[in-house]
Every structure is written in C-alpha cells, then in structure tokens.
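This report concerns only the one structure given below.
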Amino acid sequence: MRALITGITGQDGSYLTELLLAHGYEVHGLVRRTSTLERSRLQHLYADPDLYNRRLFLHYCDLEDTTTLRRILLRVAPDELYHFAGQSHVGLSFEIAESTVESIAMGTLRLLEILRDLAAPPRLFHAASSEVFGRPLQVPQTELTPMAPVNPYGAAKAFAAQMVRIYREKHGLFLVNGFLYNHESPRRGENFVTRKICRAAAAIHLGQQDQLTLGDTSAQRDWGDARDYVRGMWLSLRHETPGDYVFATGRLHSVQQFVEAAFAVVGLDWRQYLRRDERLLRGQEPAQLVGDASLAEQVLGWKPERDLSSLVRWMVEADLAELAKRPLRR
Ligand code: G4F
C-alpha cells in the first residue's frame, strides 16, 4: 500500500506516518518549500537511512501549485491520500482570514478537482474539524449536526467538508470527512493551549519560567490523544464504503481543569503561577463542542484508548525531558 500525506510535518502527519510505516506502507509526504526538516517532528524518521528514500519519501509542493500537485499524484499513484495541510490555528484565523480560507477551503477544492480527473483516484481522508459546529444546535454533535462555524477557520473547514460530500456524491469518489475534536500530544505546536500549559508546568518546575499566561480558562474542549485519532483516520479508509465520522472522546473539560492536571503532575500549586491576559481572549468562542463518536465505533470499531489524565502526564513528562536537554534559560 502507498499513501500520500499533505501536511506530513505536523502532529497528525508524523503520527500517521509512523502508523502507516508500521503497517508496511510506502509513505510519501508533501512538504512546503519553507518547511525545515531539521528538528522537525519527522526528524527521527527522516534521519533513518533504512526508511528515508526507501519507504518514506518527501516531495516539495505548495498546495496552490496545482501543476506540481497533479504531477506528484500521477507519479506516486497513492492508494490513500490523507489531507491535513492548511493554517490550523483558530485564534490566528481572525487575523489572517484570507490566507486561512485560501489554504483550507481552496486548497481542498483544488485537490478534489485533481482527483476527479485521475483515472485511478486514491481514497481521500479529509481532516475536517469540530470547529465546523461552532455554536451547535445539538450536544453532543454527530455527523448529522448542522454546521454553524463562528470563526474563519471553522467556516473554511465547513466549506471544505461540504465540498468533500458534494464530490463524493457527484463523482463517486471514495472521500471521507473526519470531524476531529481536539487531539493533543507532545508534538502539538506550542501556541495551542494544551502544549502551552504542559510546557509551562515543566519549565516552571525546572526553574526555567516564572508564570503561565492564558486567555479564557473557562473554555471547554473535548480533548483526546492524537495517536488514537490517526488510527481512526486509517480505519476510515480501510472500510469498504466512504462516509463521514466524528472522532471524539465525548468528554468535556475546561482549560482550567487542564491547568490543574498539568501542574499536579509536577506537584506545583497552579494558583501561584497562572495569569490572565485579555489579549488572548478570542471574543467568538464555540460552545459545548463535544462529539458523539458512536458511528465510528459501530462502523469502524474505533474507540479512544487513552484518557485525559494519561495524556496530560505524557505531555508534561515529554516537556520535562525536552527542557532538561534544551533549557529555555540557565
Ligand atoms: O488549543 P486551542 O488553540 O485549540 P482550538 O482553538 O480548540 O483548535 C484546535 O482544535 C480544533 C479542533 O480539533 C482544530 F480544528 C484546530 O485546528 C486546532 O487544532 O484553544 C483551545 C481553547 C480555546 O477556547 C482558547 O480560547 O483554549 C482557549 N485558550 C485559553 N488561553 C487558549 C489560551 N488557547 C490558546 N491557543 N492560547 C492561550 O493562551
């Protein structure tokens, strides 16, 4: 089996690459011209001479470069295509709305347009997001919950997800939307709240940082472990028919609860270190984003295997190890 991954250098791309390699796949990834592979999430695989250019291949390609994209798809001829690329920070999407929509909405549409012309199109997994539900009419949300996004990121993902549905019906392509709720790991970017919290707890414990500054700590999310989610993506393309799936834990926790759990791992009292900064408030927060993944369980046999407390411990311990090797300051 051969897979192609857009956004391979991200959190999900790197875990999925490991999973697919472990299942004997040949894995190809698209890398932006501006991406640095040194010390990236793929470094350990890229640096392995038994893997790189043998079973793992990287191709430079920006998603707006449709000629190159088409050429790579024709040359690689993947069986499966996993689409993660695009601006992924919700808060930032208010500041850079046009490029967010361009990369997510138009980037996905361009990919679909190429797929419909291929003689043997691959199966596609599209990483849609819980953010499409925004202020939902239904709690928890399912695949049938109407989309009601409240930020440019969610609106762009809603467009892309709807296009995936349209192209699946109109052109008979094997296309899957995964409505992914927040999923985290030590490879999460440091500007996402879970990693920011875990890294701060570790750095404060090691005497490398004095405080943690956050926005809205009452905000709630359905947080899972990224390794569970990439397994769900893979299962969704192994199924005989395409469809849409919610991938979620079904449990809501607040940012405040996440802070308490992370500081508990290092035995610190969060009250002494937590500060609030109004500039980090988003104004437009989604409400009650919590998913019902029963369809994924019934059809794919998918269930999250790890809980929040093991996730928090894993993330804080990884940051402790990382900061011990490369301290923020002496
Ligand atoms: O960690 P976040 O930035 O994640 P958010 O906005 O839920 O988006 C992530 O999950 C989505 C669903 O899977 C993805 F589609 C998306 O691409 C991304 O992966 O923020 C979580 C919550 C928000 O309510 C935010 O307002 O944490 C709140 N928060 C409070 N203080 C903060 C901060 N978020 C960030 N990033 N930084 C803060 O200081």
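The values are calculated or read from the model by the stated rules, or taken from the named source; none is laboratory data. This is a predicted model, so every value here is computed, not measured. With ideal geometry, Cβ positions are generated from the backbone for all residues, glycine too; neighbour counts draw on all protein chains shown. Keep in mind that these areas ignore ligands, DNA and RNA; they rest on the heavy atoms of the full protein, side chains included. Shrake-Rupley method; radii C 1.70, N 1.55, O 1.52, S 1.80 Å.
Once all protein chains are placed together, W223 keeps about 10 Å² accessible to a 1.4 angstrom probe. Within the range 133-153, which residues have the backbone N less than 19 Å from the label spot 7 Å out from Q288 along Cα→beta-carbon, could you tell me? Under 19 Å, as judged by backbone N against the label point of Q288, lie 133-151 of the range 133-153.
May I ask you to give the percent of accessible area on the range 39-123 that is carbon plus sulfur, with a probe radius of 1.4 Å? It is 49 percent, rounded to a whole number.
Note on the chain: GNM, Cα springs under 10 Å; of T100, T241, T108, the largest mean-square fluctuation is that of T241. Residues considered: P121, P49, P152. Largest GNM mean-square fluctuation over the chain, using C-alpha springs under 10 Å, is found at P49. Comparing L16, L30, I104 along the charge dipole axis of the range 1-112, the residue lying farthest to the positive side is L30, per the Cβ-charge model.
Accessible surface computed residue by residue for the range 72-153, with neighbouring protein chains in place and a 1.4 Å probe, gives 41 Å² per residue. Quick one: helix 255-265 against the long Cα principal axis of the chain, what's the angle to the nearest 10°, folded into 0 to 90? Helix 255-265 sits at roughly 70 degrees to that axis.
Here the extension length gained between Q43 and I96 equals 16.2 nm, from 0.36 nm per residue of separation less the Cα-Cα distance. For the range 1-49 versus the range 111-190, the inter-centroid distance based on Cα atoms is 21 Å.
Spacing of the modelled spin labels on N191 and H23, each 7 Å from Cα toward Cβ, amounts to 3.2 nm. Each Lys and Arg contributes +1 and each Asp and Glu -1, all at the Cβ; summed about the Cα centre of the range 1-70, the dipole is approximately 80 debye. Report the percentage of all Cα-Cα pairs in the range 274-324 whose separation exceeds 13 Å, rounded to a whole percent. The calculated P(r) of the range 274-324 puts 77 percent of pairs beyond 13 Å. Using heavy atoms of the protein chains and a probe of 1.4 Å, the accessible area assigned to E190 is about 100 Å². Principal axis analysis of the Cα atoms in the range 226-328 yields extents of 52, 37, 20 Å, listed in decreasing size. By a 1.4 Å probe calculation restricted to protein chains, L252 has an accessible surface near 50 Å², given to the nearest 10.
Within a Cβ distance under 12 Å of D117, other residues only, what is the Lys/Arg minus Asp/Glu net charge? Kindly include the intermediate steps, with their values, before the conclusion.
Values: positive: R70, R110, R116; negative: E113.
Taking every Cβ under 12 Å from that of D117, the sum is +2.
Once the mean of 1/r is taken over each pair of separate Cα atoms and inverted, the chain shows a Kirkwood hydrodynamic radius of 20.4 Å.
Our analysis of the range 89-241 gives Rg over Rh at 1.02, with the two radii drawn from alpha carbon positions and Rh computed by the Kirkwood formula.
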